Amino acid sequence: MSPQSATSRSQQSQGPSVTPPSRDGKRPRLISEANRFWQRVTEGMELGELMSQFKQDAQTGFRFYRKDYAAGAEPAQRPGFLHRVQELMWAILGKLTPARRVLLLAGIVLLLLPGGGAHFQSGDRDVTFSGPSFQFWGGAVLFVLLMLEIADRVIMKRDLEIARDIQSWLLPATPPAVDGLEIAFATRPANTVAGDFYDVFARQNTSATSPVFLIAVADVAGKSIPAALLMATFQASLKTLSATPCSLPDLAKALNQYACGNSQGGLRFTTAFLAEYDPATRVLNYVNAGHNNPMFRRSSGAIERLVAGGLPLGIQAEVRYESGSVTLRSGDWLVIFTDGLVEAENQFAQEYGEERLLNVLHGNAAATPEALLQRMIAEVNAFVGPTPQHDDITCMLIKVA
């Protein structure tokens, strides 16, 4: 018999080669369940996105604890490593209640103790009692502490989400229709809620026969809950005082007097840019109360800064405010922003700056306000990169049709 025929008979006797299936399909099912679990935990984020988010959280947490460390450390003692560790530990402990501080310290001590179990001698025999180790109980104590902190965080997050919804009701979702103007605005809080304010609404002025439009952008010193509460009081006072016929400087003076009663001696002041636009004359009167000077770009490309005004609201009760005036023409741009936009920092602690903002404005003067606003936000995001946002960002763009 030839070798070829022997090989053929051997293959026939063995039958076709078949890969045995996995036991009851458990392995593919486990992989599928693991993938679903991972997608649920990460919310579909890629590994690079997770690392970027972790880096942002770490930087934010480090800055949070560093403030207390810097406040508690003596300047001459800061270089010492042990002193830095001590102050950092006290900064962390200071954020916990006394009971939770005890839990944290107990958990750390148990983790540092040697392995658990008891050993003693009975007669001629060595008896060893095996039980949960000290490390096990230390981990359990820290787990209980983690659950308590998560419960507080969930409650706080729920309250902040309610506050964010309420704040969104106070701010306009879309700009009103104003004859001769195209308007776009956007805000992005550094935290869940913000201390920035913006609005455009009609009001009756003493010198105008027809209604004029009040344009307001304000920034309360600080951020998060305290700034958001003061922002709400500013919005309420602005709407109330605007309902009474008065000039723009008188409106700013009344707002300042009201703000002085809620600024904690000037610590919680508010910068604001207030303007009135008369569609009949195309004249814009304004008062700049210590706010970032808005950029007024003429259709020719020339830049003017709107600076007339006075001190921020809430510093001195008896302050006189001056008003400025500009006549708007077709193709002109008005850019009003808060300091969070131009002071946004990248990972090298460099600020975005007004020069970059001007370059974007000059390069997109033919665009619509909505398109230019999106471009500005994209430019800021690209400049900042993974660095956490440290201040609220608000911008209002107005283009003269």
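Please treat every number below as a calculation from the coordinates, not as lab data. Predicted model, so just to flag it, every value in this text is computed and none were measured. Here the Cβ is made from the backbone with ideal geometry for all residues, glycine too, and neighbour counts use every protein chain on show.
Brief remarks on what is shown
- Residues listed by number, region 176-204, amide nitrogen under 20 Å from Asn381 label point at 7 Å toward C-beta: 184-194
- Within-14-Å neighbourhood charge of Ala382 [Cβ basis; K, R +1; D, E -1]: 0
- Placing pseudo-labels 7 Å out from each Cα toward the beta carbon at Arg36 and Ala317 gives an inter-label distance of 6.6 nm.
- Stretchable slack from Phe134 to Leu112, in nm (0.36 nm times residue separation minus alpha-carbon distance): 7.1 nm
- Coil-residue GluC sites (Glu not before Pro) of region 293-401, DSSP, other Cβ within 10 Å capped at 16: Glu318, Glu322, Glu343
- A convex hull fitted around the alpha carbon atoms of region 213-257 yields 77 Å³ per residue.
- Nearby lysines by direct alpha-carbon distance to Lys253 (threshold 17 angstrom, same-chain neighbours under 8 apart not counted): Lys239
- Scattering profile of region 249-354 at q = 0.21 Å⁻¹ [log10 I(q)/I(0), Debye over alpha-carbon scatterers]: -1.07
- Restricting the calculation to Cα atoms, region 198-284 yields a radius of gyration followed by a Dmax of 13.6, 41 Å.
- The alpha-carbon atoms of region 148-245 define a convex hull whose volume equals 103 cubic angstrom per residue.
- Note that region 310-401 carries a Kirkwood radius of 15.1 Å, evaluated over its alpha carbons pair by pair.
- All lysines inside 27 Å of Lys157 as judged from Cα atoms, apart from same-chain residues fewer than 8 positions distant: Lys55, Lys67, Lys95, Lys223
- Stretching Leu96 away from Ala177 to a fully extended chain increases their span by 24.1 nm, per 0.36 nm per residue minus the current alpha-carbon distance.
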